[in-house]
């Protein structure tokens, strides 16, 4: 039974109207791209681990969340040497906008470490960060990784705890060393 | 002035007798190899970031410090994908013995993370662990890395603190996720 009368903004019928076709999704965002509809937003958000990044746009995003400026050449090389880069785009056919990011380093067989998890402040608090982590973890699981680690900033410890991360197992502490 | 009368075991004259020539050191252990004389031991210990590992010997070392057995094929791939592997050998011309190990993953430009720091229990407590970390950090500094991180087990937190590592900067906590 199709009940057109019950169609409403945010409901499944409305979603389908703006859904990107599988073919277009792969063409624009890559093989493992995944679209997601957020509450109250008519257009899909898209997660991808294979669409390439505009470095300037990525730096703008990272600065919007309050991180220091880093030389673009260094950032490019760091990305090239990362195990996995995940972007979150607010979909637009001609100009998708990067609003989220995370990356992993590691050996890909025993360990992976997550860095630079960022959601544009305008879009924070609506569950997109959680979705970004889910997408990232699915990508890592596909690779058969056994253990994933991250260094959680003080203000997002609850965020990771809620998602099942174990904080400081067996009294482990994170240690940092900085070059002078 | 050369005072042969002051030559004693552990002194510099004694050390020179067993010192490996620069050429042999490079041939046996690689370009950046470094030898070190430990208190009361006539033969040098050698650190190297380019000598290859016997995987069985490496697994024996890691098990000697109490770590779980891991499939060798997985270990091999993890090593191949590591940024840096450092070994510590007790020198012997025909059969150098692996007694220490550490490795790093990372992007090599922004971040490096240290894993699997191990010293054979027989040789623990004599400063070799500190020397191993110094050698590792020198190798990383040569690459121009800006920040190095590690997850310190509860019983070695003091060890890292003494070497200038910052524990939990800004309230950071380490978070682990394990595959089921």
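Since every read-out is calculated from the coordinates, none of them should be taken as a lab result. Predicted, not measured: the structure shown is a model, and the values here were computed from it. With ideal geometry, Cβ positions are generated from the backbone for all residues, glycine too; neighbour counts draw on all protein chains shown.
A few points about this structure:
- Nearest beta-carbon to the A/B symmetry axis - residue in chain A, distance in Å: A:174, 2
- Each copy carries residue A:179; placing its label point 7 Å along the C-beta direction from Cα gives inter-copy distances of 3.3 nm, listed from smallest up.
- Two-decimal Rg/Rh across the stretch A:54-145, once Rg and the Kirkwood Rh are taken from alpha-carbon atoms: 0.97
- Both radii were evaluated on the Cα set of the protein assembly as shown; the Rg over Rh quotient, with Rh as the Kirkwood radius, amounts to 1.09.
- Each listed q (0.13, 0.14, 0.18, 0.19 Å⁻¹) maps to a log10 I(q)/I(0) for chain B, found by the Debye formula over equal Cα scatterers with no solvent: -0.74, -0.85, -1.32, -1.44.
- Burial ordering of A:34, B:52, fewest other beta-carbon atoms within 10 Å first: B:52, A:34
- P(r) weight above 15 Å for the stretch A:12-74, C-alpha pairs, percent: 62
- Rounded to the nearest 10 degrees, the angle from helix B:128-142 to the longest Cα principal axis of chain B is 70 degrees.
- CD proxy at 222 nm, helix term only [per DSSP H run n ≥ 4: -39500 (n - 2.57); per residue of chain B; nearest 500]: -8500 deg cm²/dmol
- Each copy carries a label point for residue A:161 at 7 Å from Cα along the beta-carbon vector; from one copy to the others these points are 2.3 nm apart, nearest first.
- DSSP finds beta bridges in the protein assembly as shown, and of those with both partners inside it, around 90 percent are antiparallel.
- For the stretch A:67-103, the residues whose amide N sits under 19 Å from a probe point set 7 Å from the Cα of residue A:134 along the beta carbon direction are A:86-91, A:99-103.
- Equivalent ellipsoid, the stretch A:78-127 (semi-axes from 5 times Cα gyration tensor eigenvalues, Å): 25, 14, 8
- Radius ratio Rg over Rh of the stretch B:42-101, counting only Cα atoms, Kirkwood formula for Rh: 0.97
- Taking the number of Cβ atoms within 10 Å of each Cβ as an exposure proxy, the fewest-first ranking of A:41, B:116, B:111 is A:41, B:116, B:111.
- Direction-averaged projected area, Cα convex hull, the stretch B:103-180: 6.6 nm², rounded to one decimal.
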